[in-house]
Amino acid sequence: MQADLSSRNPGGTSPRTSRLVPFLVALTVCAFTSVVLGFSAWFAFGKNPAVAANKPSKVLAEAAPQMSVSPATRPDTPPDTAAKESAPPPDTVSVTGGTVELGARDANTPARKVAVEPFYIADTEVTNEQYQEFVKDSKSKAPAGWKNDDFPDGTASEPVTGITWQNAVDFCNWLSTKKGLKVRLPSEAEWELAARGPEGSKYPWGNEWNDRAAASDGKAGFVHAVKSYPAGRAACGAYDLAGNVWELVADTLDAEGKVVTEGEAPNRVIKGGAANEQRALISATSRNIIPKNYAGAFVGFRYVVVKN
């Protein structure tokens, strides 16, 4: 007898197939749930700009630390050490070192180049008022023309004159002790470097004569107060390095005009010209020679302070 299979499965589905249905349904639900949860997480943490902006990469944060400028290194706050080094002593200006060529004097003394270390130089010639302090403090002899150790009325700010080279050296030694600095007369090379400047100009103010820059015989031919001709100020800031009075320097010369450093030299060098000279004799290179004990009415001096 043939079995009637259709009567055993009214739905038309085999028993094996009916057993798989619940498993397939469960698998579908799990897969859907996984997709939904995965997409939500991706959207929340992978593509959301707001979240990304608030969570910077730790690597980037460590590679680019915040920069800060301490007061000591701010551009508008120079270090104290630099300020101290750049500040010259009172009444002096700083001269940058360099090489100066001193002109030929004659066939026996050709032009020569001299290397000069940085130094400070007095911004004016030593005045009567400044020299009077030295006279009274050291009990030294006053210059010719003074009475009772007093300079003539109205000349306090004029360059002191009527002094010898040795008087000028004594003043420098006295000022060294008083200020606790190394003070001396400038060498000819130092003086000329200060007067000519880094460009090696003919005059302290440039290469062309200027009547408003220096006292000469064209200006009544008498000594003026220091700083009377600001137009003649040198590049370093010093006044009156040409005209007004000749200025003594440290160099000592033998009878043949050669610089000597030992023994008794009979002559001394003066620089720059004076108010009683024609302008042709007034410049940053002008030079004259005087006897060691000469004390003239148109010869003065200024000093230098040696940099430590």
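Brief remarks follow.
- A single entry from PRO198, PRO186 fulfils the requirement of being part of a loop (DSSP other than H, G, I, E, B), within 25 Å of the chain's Cα centre (by Cα) and modelled with pLDDT under 95: PRO198.
- When ALA213 is tested against (1) modelled with pLDDT under 95; (2) touching a helix residue (DSSP H, G or I) at 6+ places or on another chain (Cβ under 8 Å), only condition (1) is not met.
- The one condition in (1) without any contact (Cβ under 8 Å) to a residue 12 or more places away in the chain; (2) more than 26 Å from PRO89 (Cβ to Cβ) that PHE222 fails to fulfil: (1)
- Residue identified as in a loop (DSSP other than H, G, I, E, B), in the same structural domain as GLY98 (by TED's automatic domain parsing) and free of Cβ contacts under 8 Å to residues at least 24 places away in the same chain among ASN173, ASN210: ASN210
- With respect to being out of contact with any Asp or Glu (no Cβ under 8 Å at 6 or more places or on another chain), within 24 Å of PRO89 (Cα to Cα) and assigned to a helix (DSSP H, G or I), LEU193 fits the description.
- Checking the stated criteria, VAL126 turns out to be at pLDDT 95 or above and of a type in the set (A, V, I, L, M).
- Top-ranked residue of segment 123-150 - restricted to ones that are in a helix (DSSP H, G or I) and among the polar types (S, T, N, Q), ranked as nearest to ALA274 (Cα to Cα): ASN128
- Of everything in segment 283-298 that is in contact with a helix residue (DSSP H, G or I) (Cβ under 9 Å, 6 or more places away or on another chain) and hydrophobic (A, V, I, L, M, F, W, C), the residue that is nearest to GLU129 (Cα to Cα) is ALA295.
- Taken over segment 276-293, the criterion of being part of a loop (DSSP other than H, G, I, E, B), crowded, with 17+ Cβ neighbours inside 10 Å and not charged (D, E, K, R) is satisfied by ASN276, ILE282, SER283, ALA284, THR285, SER286.
- Within segment 164-181, the only residue that satisfies the criterion of being in contact with an Asp or Glu (Cβ under 8 Å, 6 or more places away or on another chain) and basic (Lys, Arg) is LYS178.
- Residues located in segment 151-163, provided they are surrounded by 13 or more Cβ atoms within 10 Å (Cβ to Cβ) and either assigned to a strand (DSSP E or B) or touching a helix residue (DSSP H, G or I) at 6+ places or on another chain (Cβ under 9 Å) (or both): PHE151, THR155, ALA156, SER157, GLU158, PRO159, VAL160, THR161, ILE163
- Qualifying positions in segment 244-268 - among the basic types (Lys, Arg) and in a loop (DSSP other than H, G, I, E, B): LYS258
- Meets criteria (under 25 Å from the mean Cα position of the chain (by Cα), under 18 Å from ALA122 (Cα atoms) and at pLDDT 95 or above) for TRP246: no
- Answer from GLY300, GLY296, GLY273 - the residue that is closer than 14 Å to VAL223 by Cβ, in the same structural domain as GLU129 (by TED's automatic domain parsing) and in a strand (DSSP E or B): GLY300
- Segment 203-260: number of residues that are among the polar types (S, T, N, Q) and either surrounded by 18 or more Cβ atoms within 10 Å (Cβ to Cβ) or closer than 20 Å to GLY162 by Cβ (or both): 4
The values are calculated or read from the model by the stated rules, or taken from the named source; none is laboratory data. Given the structure is predicted, the values throughout are model-derived calculations rather than measurements. Every residue, glycine as well, gets a Cβ built from its backbone with ideal geometry; the counts of neighbours run over all protein chains shown.
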